[in-house]
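Throughout, read-outs are computed from the coordinates displayed, never taken from laboratory work. None of these values were measured; they are calculated from a predicted model. Note that we place each Cβ from the backbone using ideal geometry, even for glycine, and neighbour counts take in every protein chain shown.
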Amino acid sequence: MNLSNAIDERDFWEVESTYVIGHQRPDTDAVAAALGYAWYLTATGAENTTAARAGQLAAQTSFALARFGCPPPILLNGVAPLFAHIAEPQKALTADAPLSEAMAQLAQGRRVVPILDDDQKPLGVVTAIALARAYSALIHHPERAKEIEAQSCREVLEDSPHFRAKERISDNRAALLRGASDDFLVTDDAGHYLGVANRSQVVAPPRARLILVDHNELGQAITGANEAEIISVLDHHRLGNAPTSNPIPFVVEPVGSTCTLIAERCRSAQLNPPASIAGVLLSGILSDTLVFRSPTTTPRDREIAQWLAGLANVNTEDYGNELLRVTPGLMARTIEDIVDSDRKSYEMAGHKVSIGQVEITNLQELPQRRDDLLSGLEERRQREGLALIGLMVTDVVTGTSHLLGSGEPPLLRALPFHRLSEGEWGLDSIVSRKKQLIPALSDAVESAF
């Protein structure tokens with residue numbers, strides 16, 4: 001069986017690939033940036049570059065992809081090294097196979113020979129030491145050579161640890177390194193043998209290669225990013241980057257969208273992306289800037305958006321308003337979807353904070369979902385050990401927002417916003433989480449503790 005077929009494709013990353021990937025709970029900018037940057041890198045000579053995403057598509061993102069006929073990035077659940085990444089397929093024998101067959105494999109340089117039952121499940125291994133013990137009788141009885149070679153592998157079978165292909169190596173590394181076995185077997189979920197791995201591979205497994213777009217904080221990155229090799233970052237948010245073992249290209253610029261930075265690179269290289277990529281990049285800009293109404297908007301966003309609109313053959317204002325109207329209202333969505341679909345984690349003065357944002361076209365729906373949303377926020381705060389969790393509800397038509405939140409009392413008292421009711425604050429014209437809300441919350445956390 002192919003090792004990559006033994007587990008869900010969403011859990012298996014390819015060692016040969018470099019993944020361009022946005023943050024967890026991806027918004028339109030994160031997905032569009034992954035697609036656009038992967039296209040640009042491939043067009044400029046990069047090999048095996050793949051656009052990926054770290055979560056399900058939002059309704060707005062799905063609309064944009066369908067509108068321009070662009071397939072979504074592949075979905076990855078995580079990028080930690082798995083036993084599937086180090087297992088090497090190796091011929092196995094049955095327990096009744098003669099020792100001569102095991103000896104032939106060991107003579108070819110194999111460290112162990114896997115022994116399986118009739119259902120292709122591991123029984124153990126034959127090692128060179130086990131064979132040496134069996135053949136030690138020849139010292140005094142050389143005439144027994146044929147007899148010993150005809151013995152079954154069952155006679156010298158030794159136990160060997162085995163692990164499922166989809167298990168994370170890091171979850172088992174300490175126990176493996178303390179154990180006596182240098183080699184172990186890898187199976188699928190049903191226990192069927194897949195391959196052999198060894199201790200040295202556990203110490204230094206292959207690592208996924210990542211290019212982070214639209215984020216630079218590990219708290220927002222795909223699961224397992226701390227075990228991956230981050231080779232570059234392209235972003236437009238505050239700095240909160242993880243340390244890397246080597247210097248890397250790290251670009252963070254104050255524009256309204258990561259897609260702006262990618263489109264500028266395309267234009268500078270005199271590369272016109274196809275209409276599908278141009279349209280998706282334009283969607284990322286229009287979404288993140290709320291069709292240029294957000295205070296994060298810069299002249300660079302407006303200029304490059306017009307260039308992309310020409311390539312995609314759309315009117316920027318008309319398409320932008322159409323894009324914003326796609327997001328379903330609060331009544332049509334589950335609490336989980338509203339709270340988690342665009343939620344980001346932050347470290348503020350040593351405290352864990354998580355802030356989501358949902359864009360709607362009518363704030364009058366909020367009172368009907370308010371209590372359920374507050375309950376959902378509190379449940380997540382307790383489960384994740386957060387000092388503060390909030391949901392920014394933004395009306396993209398009127399350009400106003402409310403904040404629902406749950407947190408430690410000193411922090412809630414320090415919030416510099418107009419309190420409307422228990423757990424709800426009016427944010428007036430604040431519409432940008434990145435540029436307006438997060439700096440204010442960061443100051444509040446600093447002053448509260």
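Residue exposure proxy: E359, E264, ordered by other Cβ atoms within 10 angstrom of their Cβ from fewest to most, comes out as E264, E359. Of all DSSP beta bridges confined to the chain, the antiparallel ones make up roughly 55%.
Computed over the stretch 337-449, the Cα gyration tensor eigenvalues convert (square root of 5λ each) into semi-axes of 20, 15, 13 Å, ordered from largest to smallest. Rounded to the nearest 500, the 222 nm mean residue ellipticity of the chain from helices alone is -10000 deg cm²/dmol, with -39,500 (n - 2.57) taken per DSSP H run of at least 4 residues.
Under a 10 Å cutoff between Cα atoms, tell me which one of L82, L420, L290 has the largest fluctuation in the Gaussian network model of the chain. Its mean-square fluctuation being the largest, the pick is L420. Averaging the sequence gap over all C-alpha pairs within less than 8 Å and six or more residues apart, then dividing by the number of residues, gives the stretch 85-199 a relative contact order of 31 percent.
For Q90, the residues whose amide H sits under 5 Å from its own are V196, ignoring neighbours fewer than 5 places away on the same chain, with H placed 1.01 Å from N.
Remark: the stretch 106-120, residue by residue, has Karplus-estimated 3J(HN,Hα) of 5, 5, 7, x, 5, 7, 9, 10, x, 10, 10, 8, 5, 8, 6 Hz, where x stands for each Gly or Pro and the curve is 6.51 cos²θ - 1.76 cosθ + 1.60 at θ = phi - 60°. Sorted from greatest to least, the principal axis extents spanned by the alpha carbons of the stretch 58-184 come out as 80, 31, 24 Å.
Ranking G179, V156, L93 by Cα position along the charge dipole of the stretch 85-199, where only Lys, Arg, Asp and Glu carry charges on their C-beta atoms, puts G179 farthest toward the positive end. Against the chain, whose longest principal axis comes from its Cα atoms, helix 275-288 is set at around 60 degrees.
Here the ratio of the Cα radius of gyration of the chain to 2.2 N^0.38 Å is 1.24.
Expressed as a whole number of Å, what is the distance separating the alpha-carbon centroids of the stretch 261-282 and the stretch 80-159? With the stretch 80-159 and the stretch 261-282 each reduced to a Cα centre, they are spaced 58 Å.
Close Lys pairs in the chain, defined as Cα atoms under 26 Å apart and 8 or more places apart or on different chains, number 9. Residues whose amide H comes within less than 5 Å of that of S232, counting only those at least five positions distant or on another chain, are L212 (H built at 1.01 Å from N in the peptide plane).
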